[in-house]
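To start, the structure under review is shown below, and the notes come after it.
The values are calculated or read from the model by the stated rules, or taken from the named source; none is laboratory data. Note that the structure is predicted; figures quoted are calculated from it, not measured. Heads up, the Cβs are rebuilt from the backbone with ideal geometry, glycines too, and the neighbour counts pull from every protein chain shown.
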Amino acid sequence: MLSISKASVAFKVLRAVFPALVAGGLCLHNYPLLSRTGVADISLTRMNYGSSLLAGVVNNDIALMMPLFETTLSAALNFIISYPLFLIILRLACYLLVFNSGYILRGYWAGIVSLLGAGVLETAGVLRYDDEQLFYSFFLLLVLSLLFLKRRDNSLKNSVLCGLAIGASLLVRTPLLLFPPILVILDWLAARESSKAFFRRSLALLATSYILLIPWGYVNYFISGKFAITDNRRASCNLITAAKGSVYTMEGDCRELAGLKEGE
């Protein structure tokens, strides 16, 4: 009876750690992608943005892009985490979130199949070790997992967690800027609920989605005199060259091409 009990405990432990073992094995197997794709070189310019923020040094270029990736990268490297290790840790976290999404949606083995599918796609070269894309993907997968969890248990706590995940993703890139109110509308259309609990959950989701952007708005105000919570200047060259019928691979000042003055 005792041996059966020990075997049962060992099986439960193995079942619990198996996804992490698979994810770690996939990371090690796909490690050569770092050298094949040539992304193991650090962008010192972007690292400089994060270092300036961490040190409190005024740098007007800080406002060019959202702050979370650059500051996280700078902090990690200052803690003597090598750049390849930083990418591997991010990939491991993404793999585990892929498993978690599948697990919440359809159970344990659905999570394992999702995890293996992601590994196959990476091995085939569909997924790449692009640092910022990888960092942003982590937050998108986190939002996805929490949305599945919120669908299972639409509680105030899960609404807060979902909102914070969306807010953190906005500090990397801003495509989800209008997603929280859309999510609230869809939530109402699905349940047709007008109770106080629904309004509390919705308010919590909206507040936690945007509250993380307020400090960044003040940083922009301190730098440029304008309270801005987005990186609207980052995509300007892409938009200008697209409007001119070109692509952003050209050399030169795109703002001068469009006839824009400084500050416009």
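Among the criteria (1) without any contact (Cβ under 8 Å) to a residue 24 or more places away in the chain; (2) under 26 Å from PRO32 (Cβ atoms); (3) surrounded by 13 or more Cβ atoms within 10 Å (Cβ to Cβ), the one THR71 does not fulfil is (2).
Considering only residues that are acidic (Asp, Glu) and either closer than 20 Å to PHE69 by Cβ or in a helix (DSSP H, G or I) (or both), which ones fall in region 160-210?
Listed by number, the list holds a single entry, ASP187.
Suppose we keep only residues that are more than 12 Å from THR208 (Cα to Cα) and in contact (Cβ under 8 Å) with a residue 24 or more places away in the chain within region 150-166. Which one would you say is surrounded by the fewest Cβ atoms within 10 Å (Cβ to Cβ)? The extreme case among them is ARG152. Against the criterion of being at pLDDT 90 or above, more than 26 Å from SER114 (Cα to Cα) and crowded, with 16+ Cβ neighbours inside 10 Å, LEU144 does not qualify. For ILE104, are the conditions met, namely being aliphatic (A, V, I, L, M) and outside any helix (DSSP H, G or I)? It is false that ILE104 is aliphatic (A, V, I, L, M) and outside any helix (DSSP H, G or I). Looking across region 229-243 at every residue that is of a type in the set (S, T, N, Q) and exposed (fewer than 15 other Cβ atoms within 10 Å of the Cβ), the one that is modelled with the highest pLDDT is identified as ASN238. Is it fair to say LYS226 is under 26 Å from PHE69 (Cα atoms), at pLDDT 70 or above, exposed (fewer than 13 other Cβ atoms within 10 Å of the Cβ) and basic (Lys, Arg)? Answer is yes for this residue. Among the residues making up region 37-95, those that are out of contact with any helix residue (DSSP H, G or I) (no Cβ under 7 Å at 6 or more places or on another chain) and at pLDDT below 70 are THR37, GLY38, ASP41, SER43, LEU44, THR45, ASN48. Filtering SER169, SER202 for residues that are surrounded by 21 or more Cβ atoms within 10 Å (Cβ to Cβ), hydroxyl-bearing (Ser, Thr, Tyr) and within 29 Å of VAL219 (Cβ to Cβ) leaves a single hit, SER169.
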